[in-house]
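The values are calculated or read from the model by the stated rules, or taken from the named source; none is laboratory data. Just so you know, these numbers come straight off a predicted model, no measurement behind them. Every residue, glycine among them, receives a Cβ derived from its backbone with ideal geometry; neighbour counts consider all protein chains shown. Please note that ligands, DNA and RNA were not included when accessible areas were found on the heavy atoms of the full protein model with its side chains. Shrake-Rupley method; radii C 1.70, N 1.55, O 1.52, S 1.80 Å.
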Amino acid sequence: AFDLITQYQESFPKYTIENDSLGGLCFEILRQVERESQLSIGAPARVFTPFKRLQKHLASGEIDVFFGMKKNPARTDQYHFIDPPLYQVNTVIAQRADDELHVDSLADLYGQPVLVPLGTATAAKLRREHPQIAIDAGGDIFICLKKLMHDRGRFIVYHDIGLIGAIAAMDLQDEIRITVYTIDTYYHYAATSRQLDPAKRQQLQQAISRLAASGTLDAISQQYRQL
């Protein structure tokens with residue numbers, strides 16, 4: 001039995017499951033927190049849980065903690081977010097390396113076919129705030145990259161960690177570039193159930209603080225930002 005129950009989100013490269021072996025950015029952080037806090041952390045099964053279901057489980061106390069959640073007002077009401085954050089996330093734009101358009105602002109994307117992974121907060125935010133952008137939200141980040149390579153879109157908008165990881169996995173470093181322009185920046189945190197024992201939450205908080213102060217968290221996330 002684990003001291004703390006978690007679940008894994010199907011979000012590359014936050015969590016990966018290959019041949020029953022777990023990995024990914026958030027899983028590496030989880031392992032470090034486990035060592036630092038002396039609390040065993042795990043899921044009942046080595047499977048992905050749909051994110052909406054995972055959030056319900058966290059709200060109900062069915063799971064104790066989740067690593068890699070963006071903070072917003074609605075979530076802050078439901079869960080307890082542990083400071084400091086685990087890592088920074090940047091929403092960026094990718095285009096083919098031979099595309100001569102230099103992107104300086106979101107206005108450069110107006111009227112252009114823009115690819116965004118299906119069901120992401122990024123797609124919803126762009127539709128809400130920039131109706132001038134023609135969003136093609138379909139498939140995961142790998143499908144978006146394939147479409148970009150086949151001229152079925154001019155840009156991809158997604159977070160830097162997911163884009164960089166997928167570009168590297170598909171060996172497209174020479175074919176695709178990420179623009180210098182960043183749309184926005186936010187953070188991912190460890191979020192706990194409000195029902196969690198305060199003593200265990202404090203153990204988690206102290207462990208995460210030590211890992212942040214030592215540079216361990218930064219070192220892990222930097223590995224996932226290198227093309």
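Summary table below
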item	result
Subset tally (residues that are out of contact with any Leu (no Cβ under 9 Å at 6 or more places or on another chain) and of a type outside the set (A, V, I, L, M, F, W, C)) for region 142-174	8
Some residue of region 115-132 being open to solvent by 40 Å² or more (accessible area, probe 1.4 Å), on the phi < 0 side of the Ramachandran plot and part of a strand (DSSP E or B)	no
Check on residue 136, over 17 Å from the mean Cα position of the chain (by Cα), among the acidic types (Asp, Glu) and open to solvent by less than 70 Å² (accessible area, probe 1.4 Å)	yes
Some residue of region 134-155 being in contact with a strand residue (DSSP E or B) (Cβ under 9 Å, 6 or more places away or on another chain), aromatic (Phe, Trp, Tyr) and in contact (Cβ under 8 Å) with a residue 24 or more places away in the chain	yes
Test: residue in region 160-180 that is of a type in the set (Lys, Arg), closer than 20 Å to residue 100 by Cα and touching a residue at least 24 places away in the same chain (Cβ under 8 Å)	yes
Any hit, region 157-172, residues being surrounded by 14 or more Cβ atoms within 10 Å (Cβ to Cβ) and over 22 Å from the mean Cα position of the chain (by Cα)	no
Which listed residue is touching a residue at least 40 places away in the same chain (Cβ under 8 Å), more than 21 Å from residue 92 (Cα to Cα) and open to solvent by 20 Å² or more (accessible area, probe 1.4 Å), from 207, 212, 191	212
